[in-house]
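Note sheet for the following structure.
The values are calculated or read from the model by the stated rules, or taken from the named source; none is laboratory data. None of the values given here were measured: they were computed from a predicted structure. We place every Cβ from the backbone using ideal geometry, glycine too, and count neighbours over all the protein chains shown. Note: accessible area is taken over every heavy atom of the protein model, side chains too, but ligands, DNA and RNA are not part of it. Shrake-Rupley method; radii C 1.70, N 1.55, O 1.52, S 1.80 Å.
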Amino acid sequence: MRIINTFDKIQNCFTNNAFDLDSWRKYTKEFSCELSEKCEQDSKEYDFNKDVFPVINNVLLNKEAAFQTNASFITVTNELNSNIDKLFKTDIEIDIILYLGLCNGAGWANNT
């Protein structure tokens, strides 16, 4: 199991204090080749300017909540590997990723 925390790279998605889609695409490629395409496909069901941008830009406006999210992610995942090993007695091939998405934070399950 891999735990990938991209919190330190999230700020790279913002140029001139606004969300920048091209920077975000580059950011996602660092940890998943197909993630940006999946997110963008999902977000086509939304009114991007009305439903997506305000949520993403809130990351900039509410830094305390962003830091709290990161701290919670670390707390939850810190013991996860050892607990999974105890429970299943084997390594599980999954990635758990904290990333800035396009309002589709539920994520995906892939069998690769």
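The residue pairs whose first member lies in the range 32-57 and is over 23 Å from R2 (Cβ atoms), whose second member is outside any helix (DSSP H, G or I) and at pLDDT below 85, and whose beta carbons are closer than 6 Å, counting only pairs six or more residues apart or on different chains, are S43/L102; V52/Y46; V52/L102; V52/C103; V55/C103.
Condition (residue is modelled with pLDDT of 85 or more and in contact with a Leu (Cβ under 6 Å, 6 or more places away or on another chain)) applied to the range 70-77: is it met by at least one residue? Yes, because at least one residue in the range 70-77 is modelled with pLDDT of 85 or more and in contact with a Leu (Cβ under 6 Å, 6 or more places away or on another chain).
Checking K50, K44, K9, K26 one by one, the residue that is open to solvent by 50 Å² or more (accessible area, probe 1.4 Å), more than 14 Å from L98 (Cα to Cα) and within 14 Å of the chain's Cα centre (by Cα) is K26 and no other. A single member of S82, S36, S32 is part of a helix (DSSP H, G or I), surrounded by 11 or more Cβ atoms within 10 Å (Cβ to Cβ) and small (G, A, S), and it is S36. Residues that are assigned to a loop (DSSP other than H, G, I, E, B) and closer than 15 Å to D95 by Cβ within the range 1-29 comprise M1, T6, listed in sequence order. When T77 is tested against (1) among the hydroxyl-bearing types (S, T, Y); (2) surrounded by 11 or more Cβ atoms within 10 Å (Cβ to Cβ); (3) farther than 22 Å from K9 by Cβ, only condition (3) is not met.
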